[in-house]
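Scroll down for the structure; my scribbles are underneath it.
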Amino acid sequence: MAGVNRRISAASARSHTRKSKQKTAFTLPPGLLSTIFVLLVVGFLAWAYQAIQPPPAKMCGSMGGPSVTAPRVKLKDGRHLAYKENGVSKDKANNKIVYVHGFDSCRNDVMFFSQELADELGIYLVSFDRAGYGESDPNPRQTLNSTALDIEELADQLGFGSKFYVVGFSLGGQLIWTCLKYIPHRLAGATLIAPAINYWWPRLPANLSKEAFSQLLLQDQWTLRVAHNVPWLTYWWNTQKWFPSLSLIANNKPEVYSSADLELVPHLIARRTYVEQVRQQGEFESLHRDLMIGFSSWEFNPMDLKNTFPNKEGSVHLWQGDEDLIVPATLQRYIAKKLPWIHYHELTGAGHLFPYAGSVSDAILKALLHGV
Ligand SMILES: *[C@@H]1O[C@H](CO)[C@@H](O)[C@H](O)[C@H]1NC(C)=O
Ligand SMILES: *[C@@H]1O[C@H](CO)[C@@H](O)[C@H](O)[C@H]1NC(C)=O
């Protein structure tokens, strides 16, 4: 009985406090509550705006920004592109190549080719920091065609002549499609190494595309969905801490490396000396813009491209590892089949990082320069 009484009195005490609270609330001037509500909404919107708005880039050579250490050319629109010369010196060059690096990389991330091959074939290979990476100025007007046009201007300023070769790896390999589309008249030949695939390219068979997409890590699927569907949220998505973002950005040891890739990782030890440079101007102008363009709705479909070299005056090559966990071989095979003028080379047992196995890179360059 005593217990019941206590419960009753506790309940009436609760209802009493509730009533008195209600009374206090009603004694507030009604305008105050709506003012508080409006302030909360404004505060939230201000916070949300801050959270989705990328900070300004820390431009190289600006006050307080990183310093410029590499040679750079100045483009027509005033931006600078930093570059690195590889292989033989320019005066001994028989074959001039522009090399396009991949995601989260820079001009120093060049495929490993031997000095013997460079000497034998007179290979002068210039790699450059894509806009916003390393020491190249960001390009806030970056579009699908702007990197191809940057490559053309870089080659012109370095005196490459009317025709030159282009080689790109991974997301840089995907950009070689844009070179074939926008500057085909400038190309002597082109090589795409494990080029990234945009799952939203039209005419990829839905079943193949769905299957390949579903094999990506869940966090990578969501990052690509955000970049494609709500690109203006890309900065926020990749910097927020509630959900995991792209594994290649967030993890030190990405799970997307195959066993063959993991064996090659120790070869990348020299990266430690320059890795700080890669994102030094900010992740938005480098990494996030890459995702927003690479996975946007493209204004052309690579599978619709016409043969760049109908008279066999040059050749186009595509190399792909069959155990690549970043770029699915199933889709790459399909694309290569649609473009019979492309020389498709599939490497058994290779993952994504095979251009860092020296002998493979020599074979890749030989095939391009000999056209086989
Ligand atoms: C590059 O793309 C932009 C935007 O899509 C377009 O306005 C421009 O004409 C294109 N330039 C060339 C040379 O294709
Ligand atoms: C995808 O669909 C096509 C026909 O539309 C079929 O020929 C092919 O075998 C399918 N591939 C897979 C992996 O299901």
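The values are calculated or read from the model by the stated rules, or taken from the named source; none is laboratory data. Just so it is clear, the model here is predicted, and its values are computed rather than measured. In this analysis, Cβ positions are derived from the backbone assuming ideal geometry, glycine residues included, and neighbour counts consider all displayed protein chains.
What the table shows:
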quantity: Pair list, Cβ < 7 Å and 6+ apart or interchain, from the range 51-74 residues that are at negative phi to residues that are among the acidic types (Asp, Glu) and surrounded by 12 or more Cβ atoms within 10 Å (Cβ to Cβ); calculated: Ala57/Glu285; Met59/Asp137; Cys60/Glu135; Val68/Glu135; Thr69/Glu135; Ala70/Glu135; Arg72/Glu135
quantity: Residue satisfying all of: in the range 184-197; more than 16 Å from ligand 2 (Cβ to nearest atom) and in a loop (DSSP other than H, G, I, E, B); farthest from Ala148 (Cα to Cα) among these; calculated: Ala194
quantity: Helices (runs of 4 or more DSSP H) completely within the range 220-280 that count 1 or more residues being of a type in the set (Ser, Thr, Tyr) and more than 30 Å from Ser62 (Cα to Cα); calculated: 247-250, 259-264
quantity: Filter result for Arg279 (at pLDDT 85 or above and within 16 Å of the chain's Cα centre (by Cα)); calculated: yes
quantity: Total residues in the range 177-195, condition more than 16 Å from ligand 1 (Cβ to nearest atom) and either basic (Lys, Arg) or surrounded by 24 or more Cβ atoms within 10 Å (Cβ to Cβ) (or both); calculated: 6
quantity: Restricting the range 26-44 to residues that are among the polar types (S, T, N, Q) and modelled with pLDDT of 80 or more, the residue that is farthest from Ala131 (Cα to Cα); calculated: Ser34
quantity: Cross-chain or 6+ apart pairs with Cβ under 7 Å, the range 198-217 first and closer than 15 Å to Val327 by Cβ and within 12 Å of ligand 2 (Cβ to nearest atom), then aromatic (Phe, Trp, Tyr) and not in a helix (DSSP H, G or I); calculated: Ser209/Tyr199
quantity: Among the candidates Arg203, Arg186, residue that is at pLDDT below 95 and under 23 Å from Asn307 (Cβ atoms); calculated: Arg203
quantity: Selection from the range 111-160 of residues that are closer than 30 Å to Ala357 by Cβ, within 16 Å of ligand 1 (Cβ to nearest atom) and among the small types (Gly, Ala, Ser); calculated: Ala131, Ala148, Ala155
quantity: Boolean, Gly168 is over 22 Å from Leu353 (Cβ atoms), out of contact with any His (no Cβ under 7 Å at 6 or more places or on another chain) and not in a helix (DSSP H, G or I); calculated: no
quantity: Those residues of the range 121-138 which are of a type in the set (Gly, Ala, Ser) and within 17 Å of Leu175 (Cβ to Cβ), in sequence order; calculated: Ser127, Ala131, Gly132, Gly134, Ser136
quantity: Selection status of Pro254, more than 16 Å from ligand 1 (Cβ to nearest atom) and over 19 Å from the mean Cα position of the chain (by Cα); calculated: no
